[in-house]
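Novice: Input: one structure, supplied below.
The values are calculated or read from the model by the stated rules, or taken from the named source; none is laboratory data. No experiment lies behind these values; they were computed from the predicted model shown. Virtual Cβ from ideal backbone geometry, glycine too; neighbours counted across all protein chains shown.
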């Protein structure tokens with residue numbers, strides 16, 4: 001049933017490679033478990049991610065044809081909303097990093113998003 005709208009031939013030109021990135025958050029205060037750093041993303045941001053992921057899932061699995069849904073305008077609006085929220089979060093992180101003279105705050109925000 002689902003094989004009619006799945007096509008993985010698009011991915012043949014994208015070889016997967018493993019890599020690691022070295023960065024440090026040693027100057028930030030650990031979270032409540034004293035191991036990890038706590039990050040709180042707003043409910044609006046999380047809702048936007050969920051909506052965008054749903055729209056992208058429908059688009060790339062071609063399920064919108066199966067469900068007879070027009071998602072063009074919805075996908076564009078969800079993408080634009082997500083970009084706006086990302087910009088706001090990253091801008092706030094940059095401002096907080098500047099005011100605290102701590103670049104690791106900005107790095108943590110970028111890694112989180």
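Novice: Need a quick list: helices (runs of 4 or more DSSP H) entirely within segment 35-113 having at least 2 residues that are without any contact (Cβ under 8 Å) to a residue 12 or more places away in the chain.
Specialist: Answer list for segment 35-113: 43-60, 63-67, 72-99.
Matching residues to (1) closer than 27 Å to residue 105 by Cβ; (2) out of contact with any helix residue (DSSP H, G or I) (no Cβ under 8 Å at 6 or more places or on another chain):
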| site | (1), (2) |
| --- | --- |
| 31 | yes, yes |
| 47 | yes, yes |
| 51 | no, no |
| 55 | no, no |
| 76 | no, yes |
| 79 | yes, no |
| 91 | yes, yes |
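Novice: Against the condition assigned to a helix (DSSP H, G or I) and either touching a strand residue (DSSP E or B) at 6+ places or on another chain (Cβ under 6 Å) or loosely packed, with under 13 Cβ neighbours inside 10 Å (or both), how does residue 26 come out, does it pass?
Specialist: So residue 26 fails the test.
Novice: Return yes or no: is residue 4 loosely packed, with under 10 Cβ neighbours inside 10 Å, farther than 26 Å from residue 80 by Cβ, at pLDDT 85 or above and more than 20 Å from the chain's Cα centre (by Cα)?
Specialist: Judged against the criteria, residue 4 is not a match.
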